[in-house]
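Read the structure below first, then the notes.
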Amino acid sequence: MHTIKLRIEKEEDLYNGFDPEDDLLSEDVKNYIIGQLSDRTLGDAVEIRVMSSETIDKARIERAFQRWISDGERTVKKEYQKNLFQQLWMFGIGVLFIVLSLAFENKVGAVWYTVLSTIGAFSMWEAAGIWIIQNPKLRMRKKMTRTIKENTTVILDPSTPNIN
């Protein structure tokens, strides 16, 4: 069990002040939790212990964490879709320009042949770059989000007064 301790002065320190629904975690809290999670093995259980001298609404904190998780899942899914579109687009452009360069190899000058084949190779290289560099990062974010969703419990420190 990995324990992350959040010490706050007042409950509002947990939330983004610009959120009208008031259940969006602040960037500082999210970054702190992610930083703490990077030091542990994925799959281990996590306990987020909130400590405060003021009264805290546990249900509100749990809603905020659930919203953070669902927003993270949605963001990763959208980025996967965007990456897939970019990969297919760049690969298609690459294939098109390489085919054009081969078709016009003897019909245009050496400069045009080189330009067409270079654009094609560059486009395919960019598609491969997305697949090799960006997709593994997204897979890691997806794993971390799933781990937070499945293995994390938010509890209030026993010394913290709570509404629920």
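Restricting to region 1-51, give me the number of residues that are among the small types (Gly, Ala, Ser) and in contact (Cβ under 8 Å) with a residue 40 or more places away in the chain.
First, the residues of region 1-51 that are among the small types (Gly, Ala, Ser): 17, 26, 35, 38, 43, 45.
Now restrict to residues that are in contact (Cβ under 8 Å) with a residue 40 or more places away in the chain: 43, 45.
Count: 2.
Return a yes/no flag: does region 13-32 have any residue that is assigned to a helix (DSSP H, G or I), within 30 Å of residue 131 (Cβ to Cβ), open to solvent by less than 90 Å² (accessible area, probe 1.4 Å) and not acidic (Asp, Glu). Scanning region 13-32, I find at least one residue that is assigned to a helix (DSSP H, G or I), within 30 Å of residue 131 (Cβ to Cβ), open to solvent by less than 90 Å² (accessible area, probe 1.4 Å) and not acidic (Asp, Glu), so the answer is yes. Taken over region 4-59, the residue count meeting the criterion of being within 14 Å of residue 148 (Cβ to Cβ) and of a type in the set (Val, Ile, Thr) is 7.
Just name the residue that is surrounded by the most Cβ atoms within 10 Å (Cβ to Cβ) out of those in region 33-56 that are among the polar types (S, T, N, Q) and in contact with a strand residue (DSSP E or B) (Cβ under 7 Å, 6 or more places away or on another chain).
Keep residues of region 33-56 that are among the polar types (S, T, N, Q), which gives 36, 38, 41, 52-53, 55.
Those left that are additionally in contact with a strand residue (DSSP E or B) (Cβ under 7 Å, 6 or more places away or on another chain): 36, 55.
Working: 36: 16, 55: 11.
Top of the filtered list is 36.
Each row is one residue, and each column tells you yes or no for (1) farther than 21 Å from residue 30 by Cα; (2) in a helix (DSSP H, G or I).
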{"site": "112", "(1), (2)": "yes, yes"}
{"site": "115", "(1), (2)": "yes, yes"}
{"site": "120", "(1), (2)": "yes, yes"}
{"site": "128", "(1), (2)": "yes, yes"}
{"site": "143", "(1), (2)": "no, yes"}
{"site": "146", "(1), (2)": "no, yes"}
{"site": "155", "(1), (2)": "no, no"}
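Select from region 36-56 the residues that are acidic (Asp, Glu) and within 15 Å of residue 14 (Cβ to Cβ) and list them in ascending order. Give the steps one after another, and end with the answer.
We begin by selecting, within region 36-56, every residue acidic (Asp, Glu); these are 39, 44, 47, 54.
Answer for region 36-56, where residues must be acidic (Asp, Glu) and within 15 Å of residue 14 (Cβ to Cβ): just 54.
The values are calculated or read from the model by the stated rules, or taken from the named source; none is laboratory data. What you see is a predicted model; the values in this text were computed from it and never measured. As a convention, Cβ positions derive from the backbone with ideal geometry for all residues, glycine included, and neighbour counts pool all protein chains shown. Just the protein is used for accessible areas: all its heavy atoms, side chains included, with ligands, DNA and RNA removed. Shrake-Rupley method; radii C 1.70, N 1.55, O 1.52, S 1.80 Å.
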